[in-house]
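The values are calculated or read from the model by the stated rules, or taken from the named source; none is laboratory data. Predicted, not measured: the structure shown is a model, and the values here were computed from it. So basically every Cβ, Gly included, is an ideal-geometry build from the backbone, and we count neighbours across all protein chains shown. Just the protein is used for accessible areas: all its heavy atoms, side chains included, with ligands, DNA and RNA removed. Shrake-Rupley method; radii C 1.70, N 1.55, O 1.52, S 1.80 Å.
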Amino acid sequence: MLHVQASLRALGPVPGGAGTVVEALLEALGPGGTLVAYTATPENSATSRVHQAATAGRSPAEVADYQARMPRFDPAATAASPTMGALSEAVRTHPGALRSRHPQTSWAAVGPLAREITRRHPDTCHLGPDSPLGRLYDLDARVLMIGVPMDRFTAFHLADLRLPDVAVREYRCVGEGGWTAFEAPDLDDLHFGPLGAEVLKAARGVTTGRIGSADCRLVPVREAVDLAESVLRRTRH
């Protein structure tokens, strides 16, 4: 099973673009393999940094009008955020792809394990053990980082959520049934850069190479998360 995080710009020109890359990855995985991508929609959340940047400088009335016009999340139709990259959207729209139903942090998958990975995703578990990301850990998936640095290694959120006294805050999203509010762990990735550097120093299962013009890493989710937890417990203590 493969979770792909990719920068097509780093990869260089590819005839057919993101769709060609998805087909190549599925061919490499074979009929028994499953391809997974993070298809988050932070634009659907009034409490996300993306939304806050989009509404910065607006008056309260303008913000209220902006939010009133935000469309409901539709797992089958809502596009992945542009911040996720074109490859995530190509996985989401691939024939037979399934998607989890979280209005802000959904995942899409293609292959035999797609339903197992995406079928459950509680609002209160954005990127925790009961999310598709948690199932990638349980299933010992690999992450292919194509031209993407470790400061964007999404699975590090699992290590964060294992620490004691994880902060919780309110989130507001436009879900399938309209606006919804819920409490969940406070997610942040600003520390992933130095954390990734520490993990790479100790990891044994990481392999590197080049695809096109992109530097790439193949990273075992379970090893990376376990090492990240050790680093966090040591440094935050």
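For the chain, the residue among Ser88, His102, Gly205 whose Cα projects farthest onto the positive side of the dipole built from Cβ charges is Gly205. Taking label positions 7 Å along the Cα-Cβ direction at both Ala79 and Ala167, the computed distance is 3.3 nm, reported to one decimal.
Just how far, in whole angstrom, is segment 92-126 from segment 30-53 if you go by their alpha carbon centroids? Using only Cα atoms, the two centres lie 10 Å from each other. For the pair Thr180 and Ala64, label points projected 7 Å from Cα toward Cβ lie 2.5 nm apart. Here the chain is scanned for trypsin sites (Lys or Arg not before Pro) in DSSP loops (not H, G, I, E, B) that have at most 10 other Cβ atoms within 10 Å, and the longest stretch holding none of them is 70-203.
Selection among His3, Ala155, Ile117 by position relative to the dipole of the chain gives His3 as farthest towards the positive end (Cβ unit charges, Cα centre).
Modelled spin labels at Arg101 and Arg152, positioned 7 Å past Cα toward Cβ, are 3.0 nm from each other.
If Lys and Arg each add +1 and Asp and Glu each add -1, what is the summed charge of the other residues whose beta carbon sits under 9 Å from the beta carbon of Val206?
Here the charged neighbours net out to +1.
Dividing the convex hull volume of the alpha-carbon atoms in segment 80-237 by its residue count gives 125 Å³ per residue. Given +1 at the Cβ of Lys and Arg, -1 at the Cβ of Asp and Glu and no other charges, the dipole of the chain around its Cα centre is 280 debye to the nearest 20. Shown are Tyr171, Tyr38, whose ranking by accessible area with a 1.4 Å probe and every protein chain present, most to least, is Tyr38, Tyr171. Average projection, convex hull of the Cα set of segment 105-155: 3.9 square nanometres. On a per residue basis, the convex hull of the C-alpha atoms belonging to segment 2-124 measures out at 117 Å³.
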